[in-house]
Amino acid sequence: MQLSQAQYEKIAHCLPVQRGNVSLSNLHALNAMLYVVEHGCKWRGLPKHLGNWHTIYTRMSRWTKAGVLDRVFAELQRSQIARIRIEVVSLDSTSVKVHPDGTGALKKAAPRPSVSPGAGETPRFIWLPRMTERP
């Protein structure tokens, strides 16, 4: 998906004003960001004709922290330029950090025995009975 100049004019008020010597327009940067979102590629995999990946990533990061992208995508939805609907969210082990204890690393302290809960306290674990003899 790429935005045309006419579509960009409808959402331009949501983007910061460019000042100084900027070689990459907001429209061009936004189209590059939409390319990454649509194709799911890595930033380094951005085609050369869309610009330097690091420049676009830096601008996207600044816009995200400032809330600019939230306003832009809300305006894209409101003006029905782009209909964005999240149907599936997927996580895998390459995007989720695991605590060192979860990877089988040695623990620094010995495990503490569990304490039985006092009256009125919620149990810290659920006990499941096991069959010791087979019928």
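Laboratory data are not the source of any read-out in this text; all were calculated from the coordinates shown. Bear in mind that the values here come from a model prediction, so they are computed numbers and not experimental data. Neighbour counts run over all protein chains shown; Cβ positions are idealised from the backbone, glycine included.
Some notes on this structure:
- Relative intensity, log₁₀ I(q)/I(0), of segment 1-76 from a Debye sum that treats every alpha carbon as a point, q = 0.23, 0.27 Å⁻¹: -1.20, -1.58
- Phi to ³J(HN,Hα) by Karplus 6.51 cos²θ - 1.76 cosθ + 1.60 over segment 34-39, Hz, x for Gly, Pro: 5, 4, 5, 5, 5, 8
- Sparsely packed trypsin sites (Lys or Arg not before Pro) within segment 2-81, loop by DSSP, other Cβ within 10 Å at most 15: Arg19, Lys42
- Förster-model FRET efficiency, 30 Å R0, Lys42 and Gln7, C-beta, rounded to 0.05: 0.70
- Length gained on full extension, Val17 to Gln80: 20.4 nm, using 0.36 nm per residue less the C-alpha separation.
- In loop segments of segment 1-87 as defined by DSSP, the GluC sites (Glu not before Pro) with at most 12 further C-beta atoms inside 10 Å of their C-beta are Glu87.
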